[in-house]
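Below you'll find the structure, written out as structure tokens, and then a few comments.
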Amino acid sequence: MEWPIFQMPFIGNRMLIAVVALIHVVISHGLAVGGSFFIVSLHYKSLRENNKRLGELAYRILRIFFIITTSVGALTGVGIWLTTATVSPVTIGSLLHIFFWAWFTEWIVFVVELVLLMLYYLGWKKYGDATGFKIGLFYLAASWLTMMLITGILGAMLTPGKWLVSGSFWDGFFNPSYLPQLVSRTFLAALLSIGFGLFIMRFFKAYQDQYPVVWRWAGKSLMILAPVFLFGVLSYYHSLPQQIGHLIPTALMTLKYAAYAKISKIIFMAIVGLMVLFGVILFIKQRDYGFISFVPVFLLIIAFGSYERVREFIRKPYTVHNYLYSNGIRVQEEPFLNKIGVSEFSGWVERSATETDPQLRLGEKVFKMECAICHTYSGLNGITRKPAVLQNAEIIDNFLRTYKRSHPYMPPFIGRDSERQALAAYLDKIVNHANAQPANTEGNY
């Protein structure tokens, strides 16, 4: 209500953010945070064993990590800010207000991380073994520190804990899920880096004599890291309040297939088990049999995607739990807006409304203010794809009054009765009347 409202055509706002964010977090975890662990570990091993060929191989893998993190990783990092600030400016503004100094510190550390990465890569052969390795250690520390800072903010969005009462920065940052999430992310990053490293290594055929050395080290690392990652994930989910945890089945399998959520959990456990098995094979046989060079990174990306989807979904209907609804309305504003109505603050959507009938125009404005953050018209999660629920104006109005029982992940309808009835009439027209959808229904409002 305080900002222009944006809706991404067809794929919707959620998928827009999800695509950009998943690409970024896979790169930031696997090639930056985890990548620093992978490269520095091989660097140390090459120095300890006086194995210059291994050091050369590590340097060439670092080159790939360097190029991807400073191009795609950096661009998608900016992309996350652009998409989230465009789609949900109230959320980003609130988080900046609450965690200004954490984000300010993270930006400084991120710049330091990039400088150290450039020094580490560009000065690998220039500064000598001892100095170069020290730069690598500082790069590793800075990379992990950025994740440590961001995790506090991400955790507060889901489990703000005492912050809701105290308003203390420290209560929000060191929230109930902070430590378990930091552990799981740290070890997932290390696992991803091994997966990426084994895959990229296969392209450097000139260093096949070093493959067994890397395979044996990677195997031992997988056997250690995978169980700790599983422990971190289980600890994370046990740290969640019950009212959040009950949404996990829907997050894993969608509402339609929530009853089959156990299958998804079994698959996740199987992926972790396979990481351990691959570790045993690599450690004992010192061979990857071809498929181990690409299967781990593929499976870990799937596991990471599921992890991130669950984390994002179970936060619903909020972007900051019990503080801010996903449509940008603050929880404390709900009683006031139910009394006075949300349409009193519809200046941004008033000029883009296309309906001429007063009731339908009111319903269109309410839809754009409360629903368009998650729903498109006919694309992903489109309202025209839900005719069984939105059968007619009377049924829709009843649904809007009662849907919290069946759809607890949706924000409650907020506004006057007349606004709810207008929204019902508008949805009825869009969903149930052919050719009723206005020409300019999606885009920037």
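Stick to Cα atoms and the Kirkwood definition of Rh, then tell me Rg/Rh for the range 12-325. Could the numbers behind the result be given before it?
On the way: Rg = 20.0 Å, Rh = 20.4 Å.
Ratio value, two decimals: 0.98.
Determine by what factor the alpha-carbon radius of gyration of the range 114-181 differs from 2.2 N^0.38 Å, reporting the quotient.
Cα-based Rg divided by the globular estimate yields 1.60.
Over all pairs of different C-alpha atoms, the range 1-134 has a mean inverse distance whose reciprocal, the Kirkwood radius, equals 17.0 Å. The simple spin-label model puts a point 7 Å past each Cα toward its Cβ; for ASN51 and ARG401 those points are separated by 7.2 nm. Distant-in-sequence amide contacts of LEU390, defined by a placed amide H-H separation under 5 Å and a gap of 5 or more residues or a different chain, comprise nothing. Proximity of backbone amide H atoms, modeled 1.01 Å from N, is registered between TRP124 and no other residue at under 5 Å, excluding neighbours fewer than 5 places apart on the same chain. With the charge dipole of the chain set up from +1 on Lys and Arg Cβ and -1 on Asp and Glu Cβ about the Cα centre, the Cα lying farthest toward the positive end among the listed residues ASN175, LEU82, GLN332 is that of ASN175. Put in order of Cβ neighbour count within 10 Å, fewest first, the listed residues LEU114, LEU75, LEU222 become LEU75, LEU114, LEU222.
If you model the range 264-357 as an ellipsoid using its alpha carbon gyration tensor, with each semi-axis the square root of five times an eigenvalue, the axes come out at 51, 16, 9 Å, biggest first.
Simple spin-label estimate for GLU350 and ASN381 gives 2.9 nm between the two label positions (7 Å along the Cα-to-Cβ direction from each Cα).
Listed by chain and number, the lysines whose alpha-carbon sits under 19 Å from that of LYS125, ignoring those within fewer than 8 places in the same chain, are LYS45, LYS52, LYS134. Close amide-amide hydrogen proximity is noted between TYR318 and SER326, each under 5 Å apart and 5 or more residues distant or on a separate chain (H modeled in the peptide plane; Pro and chain starts excluded). Computed about its Cα centre, the charge dipole of the chain is approximately 1620 debye, with only Lys, Arg, Asp and Glu carrying charge at their Cβ. Note on LYS365: lysines with a C-alpha under 26 Å away, same-chain residues under 8 apart excluded, are LYS316, LYS339, LYS386, LYS404, LYS429.
For the range 397-403, 3J(HN,Hα) computed residue by residue from phi via the Karplus equation (6.51, -1.76, 1.60; θ = phi - 60°) reads 4, 5, 4, 5, 8, 10, 5 Hz, glycine and proline entered as x.
Taking the Cβ of each residue in PHE65, PHE231 as the centre, tally the other Cβ atoms inside 10 Å and list the residues starting with the fewest. Don't skip to the answer; put the middle values down first.
Details: PHE65 25, PHE231 14.
Listed from fewest to most nearby Cβ atoms, that is PHE231, PHE65.
For the range 70-83, the Karplus equation 6.51 cos²θ - 1.76 cosθ + 1.60, evaluated at θ = phi - 60°, returns couplings of 8, 10, 5, x, 5, 5, 6, x, 5, x, 4, 4, 5, 5 Hz by residue, with Gly and Pro reported as x. Counting other Cβ atoms within 10 Å as a rough exposure proxy, the listed residues LEU57, LEU240, LEU22 run LEU22, LEU240, LEU57 from fewest neighbours to most.
Over the range 12-325, calculate the relative contact order: mean separation of alpha carbon pairs under 8 Å at least 6 apart, over the residue count, as a percent. The normalised contact order for the range 12-325 reaches 22 percent. Rounded to the nearest whole Hz, the Karplus-based 3J(HN,Hα) values (6.51 cos²θ - 1.76 cosθ + 1.60, θ = phi - 60°) of the range 384-391 follow the sequence 6, 8, 10, x, 5, 8, 9, 7, with x at glycine and proline.
Values in this text are rule-based calculations from the coordinates and carry no lab data. The structure presented is a predicted model; accordingly, all values stated were derived computationally and were not measured. We place every Cβ from the backbone using ideal geometry, glycine too, and count neighbours over all the protein chains shown.
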